[in-house]
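Chemist: The structure that follows is given in the form of structure tokens.
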Amino acid sequence: MRHAARRVVDCQRGDNHRPAALSLRWARQGLALVERGVLPGKEPLRCLDHLPSLVAAQSEELLDVALGGRLAPLMKLPPHRRDALARTLLTYMECRDNAVAAAERLLVHEQTVRYRIRRLGETLGGIMLDPDRRIELLLLLHHLVRLDPGDRRLSPGGRAAGVNRG
């Protein structure tokens with residue numbers, strides 16, 4: 001653990017007013033995510049570069065409950081379909097709703113992305129278009145795709161065939 005702890009960079013870089021205990025708590029959380037395989041462990045980790053994962057990890061129980069409510073139609077799909085659709089929607093949203101950019105990151109054809117987005121629109125209804133729900137949707141998808149312990153996934157390591165975690 002000491003060797004791994006050296007790989008977590010001080011989370012308060014540039015802010016000498018933040019208490020050391022807070023920085024240590026973030027570093028421990030970051031290290032726990034590295035050990036789970038959620039965050040990369042090959043080079044020093046700067047916690048602030050992984051804010052979505054750290055925030056989601058702080059509220060995993062709440063996000064698990066919210067998945068069943070907000071994304072119930074998606075969660076009812078077979079795991080292999082749910083995995084591909086969730087990854088596609090997260091990547092599409094991270095790419096500012098650009099199907100071409102999302103397709104490049106996912107290593108699929110852009111028409112595949114467009115088809116999946118249309119299917120998700122039918123499945124999820126208005127939540128995808130509601131600007132007030134966008135951050136919530138991003139957080140839920142981030143949790144499902146990047147932090148999910150695996151019990152809801154079919155594919156090993158959370159990868160669907162032909163889908164890159166990018």
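Chemist: On the given criteria, is residue 94 modelled with pLDDT of 90 or more, among the acidic types (Asp, Glu), out of contact with any Asp or Glu (no Cβ under 8 Å at 6 or more places or on another chain) and more than 29 Å from residue 31 (Cα to Cα)?
Modeler: Taking the combined requirement at face value, the residue does not satisfy it.
Chemist: Quick test of your reading of the structure: residue 39 fulfils all but one of (1) outside the structural domain of residue 144 (by TED's automatic domain parsing); (2) at pLDDT 85 or above; (3) farther than 19 Å from residue 142 by Cβ. Name the failing condition by number.
Modeler: All conditions are met except number (3).
The values are calculated or read from the model by the stated rules, or taken from the named source; none is laboratory data. Remember, predicted model here, so these are calculated numbers, not experimental data. Here the Cβ is made from the backbone with ideal geometry for all residues, glycine too, and neighbour counts use every protein chain on show.
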